[in-house]
Amino acid sequence: MLTSPWVVALSAIFVWWFSTGILLWRVRHADNRGPEAHLTSVILGLPMLFAGAWGYVHTLHDETVGGVYVAFLSALGVWGWIELSFLSGVITGPNTDPCPLHARAPERFLRAVGTVLWHEIVLLTVLMAMAVHAADAPNRFGLWTFLVLFVARVSAKLNLYLGVPYINVEFLPSTLAHLSSYFRHTRMNRFFPLSVTLLTFATGCWIERALSAGGANHREVGFWLLAALTALAVLEHWFMVVNLQDRKLWKWMMPERRRPVRGGRVPPSHLPDPVRRGKAKLLKEKAGRL
């Protein structure tokens with residue numbers, strides 16, 4: 001039962017949806033209560049980090065279906081805590097200011113990197129530590145899970161920075177309101193087709209590995225999990241260019257926002273030309289009536 005490709009894929013989809021929802025729900029609750037609640041969330045989430053680290057280490061030599069599932073969930077646990085620390089504003093970067101409206105490309109890029117620098121360093125450090133521990137281990141599915149999440153996240157950040165048509169800032173907490181000023185609304189950027197193509201190719205590679213597992217159930221399950229996770233990353237990328245209203249997947253479970261988010265709007269300089277011109281025209285018309 002647990003080795004069926006459909007069961008594996010549905011399990012990965014459910015874990016992705018549920019874990020994302022719980023994370024967003026907790027961050028919204030903390031946001032409504034104030035900055036101290038965010039730090040409390042990160043501290044209370046430490047058992048998830050420790051359990052993930054323990055599970056990852058203890059499944060490296062476990063070549064069973066159960067071992068692969070635990071390794072997958074352990075990597076998600078470690079990733080989830082790091083994401084919680086980021087969304088809570090505890091581990092982000094040295095720059096917590098919105099991007100100046102007239103910042104040139106080099107300055108804008110450096111400022112954007114500064115908003116997430118410490119977080120990216122933590123992710124890279126954890127990824128390197130996981131790779132070292134898995135050097136001679138037969139069960140590396142936990143490592144590959146974390147690697148897929150890392151690559152997909154970097155790709156998504158670059159696309160948001162370079163520009164995409166649809167950007168959902170509804171779930172951004174007040175601690176990260178300044179991030180929206182580094183997003184850019186455009187029809188398309190040149191990196192998007194490449195990123196989607198590479199992630200789709202990776203999905204195909206995982207599927208090919210699963211089909212050629214040769215009766216090794218644990219390897220087949222592991223590769224199907226990776227294929228489903230990478231396919232979800234592709235889907236999340238398409239959410240940026242196709243208006244599929246992905247926020248509805250979790251909006252129904254979110255409490256109402258009680259504290260206003262400052263700086264959460266995308267600056268006019270980052271909006272498409274027609275929108276910018278339309279706003280300028282409205283301002284001129286209002287000025288003419290005065």
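Of note:
- Accessible area of segment 1-66 belonging to carbon and sulfur atoms, whole % at 1.4 Å probe: 77 percent
- Under 15 Å, Cβ to Cβ, from TRP250 - net charge with Lys/Arg +1 and Asp/Glu -1: 0
- Both radii were evaluated on the Cα set of segment 68-124; the Rg over Rh quotient, with Rh as the Kirkwood radius, amounts to 1.16.
- Solvent-accessible surface of segment 122-218, averaged per residue with a 1.4 angstrom probe and all protein chains in place: 48 square angstrom.
- Semi-axis lengths, Å, segment 136-179, gyration tensor of Cα atoms, sqrt of 5 times eigenvalues: 30, 13, 8
- Using only alpha carbons, segment 191-250 has a radius of gyration to Kirkwood radius ratio (Rg to Rh) of 1.10.
- Rough spin-label spacing in nm, given labels placed 7 Å along Cα→Cβ, for GLU63 and GLN245: 5.0 nm
- Basic side chains Lys and Arg get +1 at the Cβ, acidic Asp and Glu get -1 at the Cβ, and with that the dipole of the chain about its Cα centre reaches some 1820 debye.
- Over segment 18-95, all Cα pairs binned in 5 Å intervals from 0 give whole-percent P(r) values of 3, 16, 23, 20, 15, 10, 7, 4, 1, listed from short to long.
- Cα→Cβ-extended label distance, 7 Å offset, between SER4 and THR200, nm: 2.9 nm
- Estimated inter-spin distance, ARG187 and ILE121, nm [label 7 Å along Cα→Cβ]: 4.1 nm
- Rolling a 1.4 Å probe over the heavy atoms of the protein chains gives segment 1-102 an accessible area of 50 Å² per residue.
- Summarised in one figure, the compactness ratio Rg/Rh of segment 1-138, Cα atoms and Kirkwood Rh, is 1.05.
- Centre separation in Å (Cα based) which lies between segment 147-165 and segment 214-258: 14 Å
- Heavy-atom accessible surface of segment 104-174: percent carbon and sulfur, 1.4 Å: 73 percent
- Other residues with beta-carbon under 15 Å from the beta-carbon of ILE43 carry, at +1 per Lys or Arg and -1 per Asp or Glu, a net charge of +1.
- Of all stretches in the chain that contain no GluC sites (Glu not before Pro) in a DSSP loop with at most 16 other Cβ atoms within 10 Å, the longest one is 64-169.
- Dividing the summed -39500 (n - 2.57) terms of all DSSP H runs of n ≥ 4 by the residue count of the chain sets its mean residue ellipticity at 222 nm at -22500 deg cm²/dmol.
- Once exposed loop trypsin sites (Lys or Arg not before Pro) are cut out (DSSP; at most 12 other Cβ, 10 Å), longest piece of the chain: 1-103
- Whole-number percent relative contact order across segment 1-110, with pairs defined as alpha carbons under 8 Å at least 6 apart: 25 percent
- 0 to 90° range, to nearest 10: angle between helix 191-211 axis and the chain longest Cα axis: 20 degrees
- Folded to 0 to 90 degrees: helix 5-33 orientation relative to the chain principal axis, Cα: 40 degrees
- Between 0 and 90°, nearest 10: helix 105-133 axis offset from the chain longest Cα axis: 10 degrees
- Longest to shortest principal axis, alpha-carbon extents of segment 82-221, angstrom: 58, 33, 27
- Mean shadow area of the chain over all directions, Cα convex hull, nm²: 17.1 nm²
The values are calculated or read from the model by the stated rules, or taken from the named source; none is laboratory data. Note that this is a predicted model, so its numbers are computed, not measured. No Cβ is skipped: glycine too gets one built from the backbone with ideal geometry, and neighbour counts run over all protein chains shown. Side chains included, ligands, DNA and RNA excluded: accessible areas come from the protein's heavy atoms. Shrake-Rupley method; radii C 1.70, N 1.55, O 1.52, S 1.80 Å.
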